[in-house]
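See structure below.
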Amino acid sequence: MRQSTKVLQVAFTYVGTIVGAGFATGQEILQFFTEYGKWATLTILLSCLLFVWLGTKMMLVAHDTGANSYEDLNSHLFGKKAGKWISFFTLFVLIGVNSVILAGAGSVFMEHLHLSYQTGLLITLVGTYLLLGRGIHAILQMNSIVVPLMMTLSLFILFHTAGHPGAANFVRLETDHSMFATWLSPILYSSFNLAMAQAILVPLGSQITDRRVIKYGGILGGIGIGFMLMTAHFAMSAYMPGIVQFEVPMGSIAFALGAAIQLMYIFLIFMEIFSTFVADIYGITLQVREHLKVSPKLITLFIMLSCFLLSQFGFSSLLSILYPIYGMLAVIWVAHLIKSPLGSFRDKRKNE
């Protein structure tokens with residue numbers, strides 16, 4: 001039973017790491033899948049396979065090599081010098097992305113709870129600092145609560161959509177996109193999200209001692225991501241093309257289901273933002289610790305302060321430049337992950 005619990009914790013943490021604010025709002029799914037019409041069902045299956053295979057492999061490689069941070073993994077994949085520069089660029093992108101994530105938390109408080117923007121930022125920062133004091137186990141426990149709730153809401157929306165007049169749209173919608181763009185989209189989506197997720201999946205894989213827990217947790221997590229992708233795509237397809245006009249497409253569907261579902265959705269959106277922010281700050285702290293021999297708490301505070309300051313001025317314009325560059329790098333990163341052998345360093349810890 002204990003091993004089964006650990007498998008579920010790994011799976012839920014994997015899902016929670018990928019299912020960030022962009023995923024939960026539906027905007028990412030709309031842009032990478034639903035806009036490609038009937039082909040999206042097949043491209044989601046491809047993306048699911050990539051998450052099952054490569055997410056699991058990333059954690060196993062981290063386990064086998066004893067990688068404590070994503071810089072350790074990148075050094076293994078690319079060599080020490082190239083890995084260092086890739087990790088530095090990843091660090092810069094992660095801090096930028098998390099400043100936007102933090103800003104998203106402030107927006108939730110301001111737009112939906114009618115509290116000040118700064119209140120949302122401060123509650124998120126204080127909660128993150130307190131939770132990180134408990135280490136990776138707190139992240140595992142948090143995702144073990146948030147992710148099942150998100151899946152429950154997804155099921156509720158799925159059953160509601162089944163009775164909608166446009167329920168069959170997911171198999172009949174046409175697209176103006178080329179077949180090349182259609183099949184490239186899931187590869188880019190999976191590569192980018194896996195490259196971003198290394199901040200938490202690498203230390204997670206390193207700290208789980210049983211490879212079977214990592215293996216089954218990764219497989220179950222990848223399937224869970226695929227399920228949530230498919231559910232959201234099915235729901236949004238039923239409302240195409242009108243759903244494209246909404247900034248939060250999944251929110252527009254959830255809000256139509258009544259006040260109780262609306263409140264649950266708002267709560268889960270914030271918790272997804274919060275859980276992603278916590279996990280990323282944890283991973284960034286581990287990476288920075290390898291270069292600065294100071295207290296992890298001080299590093300965490302400095303990183304959160306950086307995100308707080310950036311969230312005041314906005315980072316979207318810079319990220320619009322960094323995202324495509326990092327997206328191309330992510331595809332190269334995934335190619336190196338595919339080539340990396342498993343098991344070569346399996347007994348490293350035993351020999352040290």
Task: Looking only at the stretch 16-38, and only at residues there that are among the aromatic types (Phe, Trp, Tyr) and part of a helix (DSSP H, G or I), the one that is modelled with the highest pLDDT - done: TYR36
- [ ] Identify the single condition in (1) under 21 Å from GLN141 (Cβ atoms); (2) under 14 Å from the mean Cα position of the chain (by Cα); (3) surrounded by fewer than 23 Cβ atoms within 10 Å (Cβ to Cβ) that PHE12 does not satisfy, given that it satisfies every other one.
- [x] (3)
Open item on the list: I'm checking my understanding of the structure. Among residues of the stretch 139-166 that are free of Cβ contacts under 8 Å to residues at least 60 places away in the same chain and of a type in the set (Gly, Ala, Ser), which one is nearest to PHE270 (Cα to Cα)?
Closed with: ALA162
Open item on the list: Restricting to the stretch 159-191, name every residue that is open to solvent by less than 50 Å² (accessible area, probe 1.4 Å) and under 18 Å from VAL331 (Cβ atoms).
Closed with: ALA181, THR182, SER185, PRO186, TYR189, SER190, SER191
Task: Residues of the stretch 258-292 satisfying the condition of being over 19 Å from VAL108 (Cα atoms) and either among the hydrophobic types (A, V, I, L, M, F, W, C) or part of a loop (DSSP other than H, G, I, E, B) (or both) - done: ALA279, ILE281, ILE284, LEU286, VAL288, GLU290, HIS291, LEU292
TODO: Could you check SER144 against (1) small (Gly, Ala, Ser); (2) open to solvent by less than 20 Å² (accessible area, probe 1.4 Å); (3) at pLDDT 90 or above and say which number it fails?
DONE: (2)
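Conditions tested, residue by residue: (1) more than 22 Å from TYR14 (Cα to Cα); (2) modelled with pLDDT under 85; (3) surrounded by 23 or more Cβ atoms within 10 Å (Cβ to Cβ).
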position	(1), (2), (3)
ILE223	no, no, no
MET236	yes, no, yes
PHE246	yes, yes, no
ALA254	yes, yes, yes
PHE315	yes, yes, no
Open item on the list: Given the options THR5, THR41, name the one that is part of a helix (DSSP H, G or I), surrounded by fewer than 24 Cβ atoms within 10 Å (Cβ to Cβ) and free of Cβ contacts under 8 Å to residues at least 40 places away in the same chain.
Closed with: THR5
Open item on the list: One residue is enough: does the stretch 194-205 have a residue meeting the conditions surrounded by fewer than 22 Cβ atoms within 10 Å (Cβ to Cβ) and either hydroxyl-bearing (Ser, Thr, Tyr) or under 19 Å from the mean Cα position of the chain (by Cα) (or both)?
Closed with: no
Open item on the list: Any residue that is within 30 Å of TRP85 (Cα to Cα) and either part of a loop (DSSP other than H, G, I, E, B) or open to solvent by less than 20 Å² (accessible area, probe 1.4 Å) (or both) - is there at least one of those in the stretch 305-313?
Closed with: yes
Task: Looking only at the stretch 44-72, and only at residues there that are open to solvent by less than 20 Å² (accessible area, probe 1.4 Å) and aliphatic (A, V, I, L, M), the one that is nearest to PHE192 (Cα to Cα) - done: LEU54
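The values are calculated or read from the model by the stated rules, or taken from the named source; none is laboratory data. None of the values given here were measured: they were computed from a predicted structure. Reconstructed Cβ throughout: ideal geometry from the backbone, glycine too, with neighbour counts over all protein chains shown. Heavy atoms of the whole protein, side chains included, go into the accessibility calculation; ligands, DNA and RNA do not. Shrake-Rupley method; radii C 1.70, N 1.55, O 1.52, S 1.80 Å.
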